[in-house]
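What follows is a single structure, written as structure tokens, with notes after it.
The values are calculated or read from the model by the stated rules, or taken from the named source; none is laboratory data. Everything numeric in this text was worked out from a predicted model, so none of it was measured. All Cβ positions, glycine included, derive from the backbone under ideal geometry; neighbour counts span all protein chains shown.
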Amino acid sequence: MDVDSDSDWNWDFYKELVEDVEENKNIIACSNCGKCVGDCPAAKISNFNIRNIIRKVLRGDKSVLKDSDIWYCYLCERCKRVCPKDNINIPLLIINLRNESFKKGFGPRYNDLRKFVEMSERFLTTGVVVEEPLGEPLSKERIDELIEICNFARIKYVFKASNINKNKKKKKKS
């Protein structure tokens, strides 16, 4: 386990994410126990490691917005269910990081997107990600709920982006 000094932490990025989605404030309670990674289907088939992502956020390392890792999460909430801490919503953090990635002009690279589409298709059609399920498949209701969450995140991003563009146009006219 890495040992950090006070100079390793920069809270600005964390504060930005909390300002955008207040529930993200709870990631500071992460004890780095690793249960989320141990139960994560994305971690089983890719380099996805939510502990590394949380660590980067808390260190103020915005390079996480360019990383492939944020595109490998299935939003299945296994991490949320096994986390010993209350109210740490990793899927919501991932959605927020994806939105921030798009806002900064990054988004997924082609290979990341291809892998994400393959994983998502398997997840949405069968309810599992890996060939050998890690437990029971998600119910149709849960899959529909996850689709709704993804749609909401896209709508929120598009709404914010359109407001930013409208404000830019207004400033140009002035």
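Figures for the structure shown
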{"read-out": "Wholly enclosed helices (runs of 4 or more DSSP H) of the range 56-145 bearing at least 2 residues modelled with pLDDT of 85 or more and aliphatic (A, V, I, L, M)", "value": "90-103"}
{"read-out": "Subset tally (residues that are surrounded by 18 or more Cβ atoms within 10 Å (Cβ to Cβ), more than 14 Å from ASN99 (Cα to Cα) and out of contact with any Cys (no Cβ under 9 Å at 6 or more places or on another chain)) for the range 17-30", "value": "2"}
{"read-out": "Residue satisfying all of: in the range 31-55; part of a loop (DSSP other than H, G, I, E, B), at negative phi and over 12 Å from the mean Cα position of the chain (by Cα); surrounded by the most Cβ atoms within 10 Å (Cβ to Cβ) among these", "value": "CYS40"}
